[in-house]
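Notes to accompany the following structure.
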Amino acid sequence: MRLGQFVTEGGVQVRVWGETDVLVVSTPIPGVLRVRLAPQARANGLGFPRLTEKRSFALHPDLPEPERLSVQEDGETLQISGGGLTLQLNRSSGAWRVTGGQDGGPERELASVLDWSGDAPTARPAMTAERFNLRRSRLSVAAPEGAAYLGFGERVGPLDKRGMQLTFWNTDCYPHHTDTDPLYISVPFTTVVQGGLAHGIFVDETWRMTADVARTNPYALDFASAGPELDVYVLAGPRPADVLRRFADLTGHAPMPPLWALGAAQSRWGYRTADDLRAVIAGYRERNLPLDSVYIDIEYMDAFKVWTVNRAGFPDLKAFVKEAAKEGVKLVPIIDPGIKLEAGYDVYEEALKNDYLVRTARGDVLVGEVWPDPAVFPDFTRPEVVAWWAGRHKLFTDAGIQGQWNDMNEPACFSLAQPRETEGKTLPYDALHGSRSHLEMHNAYANPMSQASRAGYAKYSPEIRPWIISRAGYAGIQRHATVWTGDNAATWSHLALSLPMIGGLGLSGIPFAAADVGGFGGDTTGELLARWYQTAVGYPFLRNHSAQGTVDQEPWRFGEPYTSVIHAALELRYRLLPHLYTLAHLASQTGLPVLRPLALHHAADETALRTDSQYLLGYGLMVAPVMAAGHRGRQVYLPAGRWAAVFNLAEFGAVHDGPAHVTAEAPLHTLPLYLKAGEALPLTEPAAHTTQARWPRVTWLAHLGETGFVGQLYEDAGDGPLEGRSTRLIGDREAGRLSIRREAEGAASLPEQRETLHIIGLEPVREVQGAASFSYEDGVLRLTLPARWEEVTVTWVE
Ligand code: GLC
C-alpha cells in the first residue's frame, strides 16, 4: 500500500504516509480543504514522515484555528471530513477526491486527483548536480468535460484558460502579445466552473511551476513543480463569488484604498523634474480635466539610486508635495528593488554590512544590471530585510507622500556579472536567498517587498491609507499592494486584452488591478486614447502611462474631438465615484473585484462565461466599450434580466430583455452602458479632484425591477480609519405602488446631503408622496428628496 499509516494530530490534521510519500490533510477555514502532498518525502529530506512547518507567502498570517477533522477507515479507503468537505483517499493508489456542498450548493464532487508523484534528487540539493529538474513534483487533477478554468493570475488570452499551458515564473516581459506566457504575476489559483457551479483549486507553491490546463490531455489539469512538494487547497463554491470570498479569507483581503487613488492619474516615463510635473498638473487644471494623482518615474532619483532624490530636478520634494496637494494632486513615486553597487552609497553599504543581499550559489553577493548598473538585490524573503526596507520609507513619509509604485520586482535584471542558468531577465535559478534557491523564492519576491512598503507607511504615517501598486506578485499580493498589468502597448489589441487581464486578476484575488491607459509602448492615437479612457471608466484605478520616446499622451495631446471625449469619460468616472468607492469597500470585505467578468454573476450562462469584451461594474452595470478602430457601434451581450440603456447612449431608457445580443450605436463620444432592472447606483457630480467620500450631492439612478430595486452606498472620510457608513436604498414594488426607504449602518454622522432619485422603467406616474418635487418624462421619474427623508411612495397607472 502506498500510504499505509495515518495519525490524527490535535484533532485538526491528519497525516498519512507510506514507504516514501506523505500526505497531510487539514481545514484552515470552513469550505476549504488543504492537502499537502510530499511525494518522495523520505528521499527529499522533507522531515519524513512528519513534514516540516511551511512558511507561506500567500496565506493570511493570522488565520483562525483550523476546523476539526474526523476520520473513518474503511479498508484501503480513508475518509477525512471537516469544515463541510470530505476527502476520500485511496491508500493503495494515492488517488483522492474532495466532495461537499456549502452555502446551499448541492453535495457534489469538487476535485478528483488522479495521480501525484515526484522525483528524488539524484544528488543532495547541490543544484548544479541536479540541473534543475523543473518537473520534480507532479499532480494530475481530473478536468471534467466542458469545465471552464478562470483566473490563474495575470494571463493573456481568453478568460477561460482551458487548452493553455501556463508557466508560473514572474517575468519582465516587453513587449507582450496575445500569446505571451508567463507575465509578471503568478497566482496558481483557478475557479473551475461547470454547469453553473464553481469550486476553486489553489496550489500554494512559489517554486517555478507549470499548469497544463486540459491541453495535452483534455481530461486533466496537470501541475508540475520544481519543488519537492505540492500544497493543494480545494475551495468550495457553489458560486464563483463564494470561491473568491474563501480565497480572500484564506490569503487576506485587499485593504480599502483611499478615495484619491480611484480618481484620474497621470504618469509618464519621461517626466524628469518637478517643473515637468507642474506643467502636467497645470495642463489638467487649465482644461478643467479631473486629476487626483501624478506618478513619478525613475528620473526623480539620483543616478537611479533607490531612496535618493535628485536635487537638480526636485530641489525640495516636501515643498513640491505640498504644492501639488494645493491643486488636489497626490504624488506617487516609483521604487525599484535593485540597489546601485557604489562604495559610499548608504543603502548599498548598509545592505552589504548586514548581509541583506541575494548571493550567488558560490556565496558571493550577486551582481547584475537594472537601471542602476551594477546593481545588487535585497533579499526580501528574510524578515530583517523587510524591516530595514520599511524603515527607508521615511524619505517619502517625511515628504508627505502617500502612494508608491513598486516596479521591476520580478525581480528584473537585464544582465548578470556572473552568468548562470536562468529564465527571462532575472536572477539565476541557483542564486541564494539565505539557504533557499531563487528557483523557490523568485515568484515570492514581490510580496515581501510590498509588505515592507505597507509596513513603512503603517509605521511613519499610520493615519493614512497608503496606496501601493506593484508590477510583480504572487498569490496574496493583494494584502500588500494592488497591481497593474505591466508594459502594454498602444494598440487596439492591447486595449481589448486589458479586460480579460484585469478580469482574470480580479478572479485571482486581486480586486484593484488595472492596465496603463493609452498604452505604455508605441505611439498612441487620439481615437485609441479616447476609446481607452471610455473602456477604463470602470478600471479599478485609472492611470494614463507611457514610455519615454513615445508621443505625449496626456488627454489633450490630440486636440478635438478627442479631448472632449476624454473629458466626458473622466467626468463620467467622477460621477460614478460613489458607486466605485462602494465597490472598493465591498472588494475589501468580500474579495469581489470592482471590474467583474460576466462569468462572476452569470456562471450558468455559457455565453456570459466566455464574454470578455465587456464587463460588469459591480453587479448590475454593464460596460460595453468600443475597442476597435473606426467602429461606431458594437454587439453587446446582455444576460438574463432586463437592461436599460443609460448615461450617454442615444437610446437612454430603452429597455432590452436578456439573454440577447443587442446592437449599440456608439459614435466616438458614446460608451454603451446598461443598468439591470432591480439595481440602483449612487452617483455624484463631477469635480476637479476628490475630497471626501461623503458626497454632498447624491443622485441615485434606479432601474425598476419586478420587485423594486436595491442600491448600496458606502461613505467615509475617503482616507484614514474605516469609520464609515453604509446605506441601502430600498424600493419595494407591489401592485402599482413603489415605496422607497433607506437603511443605514455605521457610526459616522453625515453632513447634510442633497439626494435626487431617477427611476427608469416606470409607467406614467399618478401620485408621489414624500418627495420635495418630481417630474416624469419619457419613462423616467426624477425625484428631489427632502432633507432627512424617510419614505417616498409612488403610485402609477398599471
Ligand atoms: C518599467 C515599468 C514602467 C516604467 C519603466 C521605467 O518598464 O513597467 O511602467 O515606466 O520601467 O521606470
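Every read-out reported here was derived from the displayed coordinates using simple, explicitly stated rules and does not represent laboratory data. A quick note: this is a predicted structure, and the numbers were derived from the prediction, not measured. All Cβ positions, even for glycine, are placed from backbone atoms using ideal geometry, and neighbour counts span all protein chains on display.
Taking the Cα centre of the range 54-192 as the origin, how large is its charge dipole in debye, to the nearest 20, when only Lys and Arg (+1) and Asp and Glu (-1) carry charge on their Cβ atoms?
Numbers: 14 positive and 18 negative charges, 103 e Å.
Using Cβ point charges on Lys, Arg, Asp and Glu, the range 54-192 gives about 500 debye.
For Lys326, a cut-off of 19 angstrom between C-alpha atoms picks up these aspartates and glutamates, skipping any fewer than 8 places away in its own chain: Asp275, Asp276, Glu286, Asp292, Asp316, Asp398, Asp719.
Please give the calculated 222 nm ellipticity per residue for the chain, where each DSSP H segment of at least 4 residues contributes -39500 (n - 2.57) and the sum is spread over every residue; nearest 500 deg cm²/dmol?
Working: 15 runs with 143 residues, N = 798.
The helix contribution divided over the chain gives -5000 deg cm²/dmol.
Label sites at Lys318 and Glu109, each approximated as a point 7 angstrom past Cα along Cα to Cβ, lie 6.6 nm apart. About its Cα centre, the chain has a charge dipole of approximately 540 debye under the convention of +1 per Lys or Arg Cβ and -1 per Asp or Glu Cβ, with nothing else charged. Which entries of Lys322/Lys459; Lys318/Lys340; Lys425/Lys459 show an alpha-carbon separation above 27 angstrom in the structure shown? Lys425/Lys459, as the Cα separations exceed 27 Å there. Relative contact order of the range 692-796, taken over Cα pairs closer than 8 Å and 6 or more residues apart, is 27 percent. The simple spin-label model puts a point 7 Å past each Cα toward its Cβ; for Gln5 and Ser117 those points are separated by 2.5 nm.
Loop-located chymotrypsin sites (Phe, Trp or Tyr not before Pro) in the range 370-444 (DSSP state not H, G, I, E or B) with no more than 16 neighbouring Cβ atoms inside 10 Å: Phe414.
Can you list the residues of the range 278-319 with backbone N under 20 Å from a point 7 Å past the Cα of Asp373, pointing along Cα to Cβ? Label zone hits: 298-306.
How fast does the range 692-796 diffuse by Stokes-Einstein, in µm²/s, taking the Kirkwood radius from C-alpha pairs at 10 °C and 1.306 mPa s? Before the final figure, lay out each step's value.
On the way: Rh = 14.4 Å.
The calculation lands on 110 µm²/s.
With the charge dipole of the chain set up from +1 on Lys and Arg Cβ and -1 on Asp and Glu Cβ about the Cα centre, the Cα lying farthest toward the positive end among the listed residues Tyr637, Pro66, Leu570 is that of Pro66. Rounded to the nearest 5, the antiparallel percentage of DSSP beta bridges internal to the range 692-796 is 85%.
Distance between the pseudo-spin-label points of Arg135 and Leu722 (7 Å out from Cα toward the beta carbon): 4.4 nm.
Using DSSP to call loops (not H, G, I, E or B), can you name the trypsin sites (Lys or Arg not before Pro) in the range 330-432 whose Cβ has at most 12 other Cβ atoms within 10 angstrom?
Values: sites: Lys330, Lys340, Lys353, Arg359, Arg362, Arg392, Lys394, Arg420, Lys425; in loops: Arg362, Arg420, Lys425.
Sparse-neighbourhood loop trypsin sites (Lys or Arg not before Pro): Arg362.
Sorting the segments 755-764, 262-271 by their mean number of nearby beta carbons within 10 angstrom, highest to lowest, gives 262-271, 755-764. The simple Förster model, with R0 at 41 Å and r as the Cβ-Cβ distance, assigns His669 and Glu763 a FRET efficiency of 0.85.
Note on the chain: Rg/Rh from C-alpha atoms, Kirkwood Rh, equals 0.98.
Subtracting the Cα-Cα distance of Glu286 and Glu349 from their residue separation scaled by 0.36 nm leaves 18.1 nm. Once the Cα-Cα distance is subtracted from the 0.36 nm per residue extended length, the Glu342 to Ser435 segment shows a gain of 30.9 nm.
Contact order normalised by length for the range 77-221, with contacts defined as Cα pairs under 8 Å and 6 or more residues apart; what percent is it? Don't skip to the end; give the middle numbers.
On the way: 269 pairs, mean separation 26.3, N = 145.
In percent, rounded to a whole number, it is 18.
Within the range 629-696, the trypsin sites (Lys or Arg not before Pro) that combine a DSSP coil assignment with at most 15 other C-beta atoms in a 10 angstrom radius are Arg632. Multiplying the residue separation of Glu752 and Thr793 by 0.36 nm and removing their Cα-Cα distance gives an extension gain of 12.6 nm.
Which residues in the range 551-586 place their backbone N less than 16 Å from a point set 7 Å from the Cα of Arg782 along the Cα-to-Cβ direction? No residue passes the distance filter.
A Förster distance of 35 Å, applied to the separation of the beta-carbon atoms of Ala325 and Tyr174, puts the FRET efficiency at 0.55. Positive-end ranking of Ala496, Leu230, Gly101 along the dipole of the chain, with charges on Cβ about the Cα centre, is headed by Leu230. A Cβ-based charge dipole, computed about the Cα centre of the range 658-798 with Lys and Arg at +1 and Asp and Glu at -1, lands at about 120 debye. Give the residue from Pro144, Thr360, Ala282 lying farthest towards the positive end of the charge dipole for the chain; charges sit on Cβ (+1 for Lys and Arg, -1 for Asp and Glu) and the dipole is referred to the Cα centre. Farthest towards the positive end: Thr360.
Based on the Cβ-Cβ distance from Lys459 to Phe652, what FRET efficiency comes out when R0 is 56 Å, to the nearest 0.05?
On the way: r = 50 Å, r/R0 = 0.90.
After rounding, the FRET efficiency stands at 0.65.
Shape analysis of the range 630-693 places it in the oblate category; the axes a ≥ b ≥ c from the Cα gyration tensor give an a/c of at least 1.5, with a/b not above b/c.
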